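One structure is given here, and the rest of the page talks about it.
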């Protein structure tokens, strides 16, 4: 079994944030070491409070998206941030921010949700991710 | 060589369904164990008969998409479902449905194409995928 | 550490081309063997000169995209093709074109940027990618 799972969080849509959080939870429960590397639009989604208003749905199936968000609300499904925080509570899950994107967009660590622990460069991420599985979403 | 390949089928666009089927075929021919985990919109695309009407193209290049579908039809390329069924005939390829999405959207196993063999939870998928390659598409 | 990284370049948006180039650079600097397999719309983006006019942004966050491109230009960030060429200069990075897409769309090797070294089939790619990490973007 691979001990590490690295998730590149590139897109900031609610459905992919949910997928990332749910996969991270499953992996954490299996004692895997999970690193989420937030970059590009994934970083926007981690700005403080952004989760409250983020209703972005993957464009590929946007017509199903409204139905999807309604069902989630009707069934009172936990939001992705709660799911991710639970994963961090039960296992070894870290969220790191891409330094290059932070610089380009003038975002600072204190602008982000406190689940983000540090800012790292791409080289750091590639090295950390190099002996495990990678998912890009 | 990694013995397993896991494909998360998240998006239900025709081009990504084709990519999944073609990669699964190649891997099956190499004796790899392939699991396709259909979730979110990927599950919609597996509803019985949906393949006949599905003309969704990845939005990122939708302007090329119409041309792409026309070329496929003009050249009588096999559709993704045929390609996937062939892969299942020649090798060890399984298609599993995400239980969480099924519950949320009230989809039942009998609503899906018979290539889907079972409904599984995320934990099952993460565990099964944990010692091989993962592709998210 | 896994010695190989395979990147499936499916989407031809500028942001994903940047992500691919930057990840390839990081991996090349670590002495990894990197293969970029350009397919579907990723292949369009590699046609000669296409990089000069390509301003496609991932649709999922298109509203942030214009801001993103402006910032890149204002900060004179290197374009993805320059970044990829640098990665090829410092390490073992190859770009291969998907034969199936080339056939379907009647594209020839000489229509593509010279960074593309050869046309290969899916079976070749799956075999080459089978003992390392895969990222699909």
(message) Can you tell me which of (1) closer than 22 Å to residue B:136 by Cβ; (2) surrounded by fewer than 16 Cβ atoms within 10 Å (Cβ to Cβ) is the one residue C:41 doesn't meet?
(response) (2)
(message) Quick check on the stretch A:94-120: of everything there that is surrounded by fewer than 16 Cβ atoms within 10 Å (Cβ to Cβ) and assigned to a strand (DSSP E or B), which residue is nearest to the other protein chains (Cβ to nearest Cβ)?
(response) A:118
(request) Filter the stretch A:23-43 down to residues that are in contact with a strand residue (DSSP E or B) (Cβ under 9 Å, 6 or more places away or on another chain), in a helix (DSSP H, G or I) and more than 21 Å from residue C:62 (Cα to Cα), then give me how many there are. (result) 5
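For the stretch C:59-81, check the following and say yes or no: at least one residue is part of a helix (DSSP H, G or I), at pLDDT 95 or above and over 19 Å from residue C:125 (Cα atoms).
Narrowing the stretch C:59-81 to residues part of a helix (DSSP H, G or I): C:59-74, C:80-81.
Adding the requirement that they be at pLDDT 95 or above leaves C:80-81.
Those still in the list that are over 19 Å from residue C:125 (Cα atoms) too: C:80-81.
Looking for residues that are part of a helix (DSSP H, G or I), at pLDDT 95 or above and over 19 Å from residue C:125 (Cα atoms), one finds at least one in the stretch C:59-81, hence yes.
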(request) Please tell me if residue B:129 is more than 9 Å from chain A (Cβ to nearest Cβ) and in contact (Cβ under 8 Å) with a residue 60 or more places away in the chain. (result) no
(request) Within the stretch C:53-81, track down each residue that is under 17 Å from residue B:61 (Cα atoms) and surrounded by fewer than 17 Cβ atoms within 10 Å (Cβ to Cβ). (result) C:53, C:55, C:62, C:63, C:66
(request) Go through the stretch C:4-22 residue by residue and tally those that are buried (at least 24 other Cβ atoms within 10 Å of the Cβ), at the interface with another protein chain (Cβ under 7 Å from one of its Cβ atoms) and in a helix (DSSP H, G or I). (result) 2
(request) Taking the residues in the stretch A:28-43 that are away from every other protein chain (no Cβ under 11 Å) and under 14 Å from the mean Cα position of the chain (by Cα) as candidates, determine which candidate is farthest from residue A:84 (Cα to Cα). (result) A:38
(request) Exactly one condition in (1) at the interface with another protein chain (Cβ under 8 Å from one of its Cβ atoms); (2) crowded, with 16+ Cβ neighbours inside 10 Å is not met by residue C:123; state its number. (result) (2)
(request) For the stretch A:44-58, name all the residues that are in contact with a helix residue (DSSP H, G or I) (Cβ under 7 Å, 6 or more places away or on another chain), in contact (Cβ under 8 Å) with a residue 40 or more places away in the chain and either within 9 Å of chain B (Cβ to nearest Cβ) or in a loop (DSSP other than H, G, I, E, B) (or both). (result) A:48, A:54, A:55, A:56, A:57, A:58
(message) Filter the stretch B:71-93 down to the residues that are in contact with a strand residue (DSSP E or B) (Cβ under 7 Å, 6 or more places away or on another chain) and either under 16 Å from residue C:104 (Cβ atoms) or away from every other protein chain (no Cβ under 14 Å) (or both) and list them by number.
(response) B:92
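The values are calculated or read from the model by the stated rules, or taken from the named source; none is laboratory data. Keep in mind that this is a model prediction, so the values were computed, not measured. Note that each Cβ is placed from the backbone with ideal geometry, even for glycine, and that neighbours are counted across all protein chains shown.
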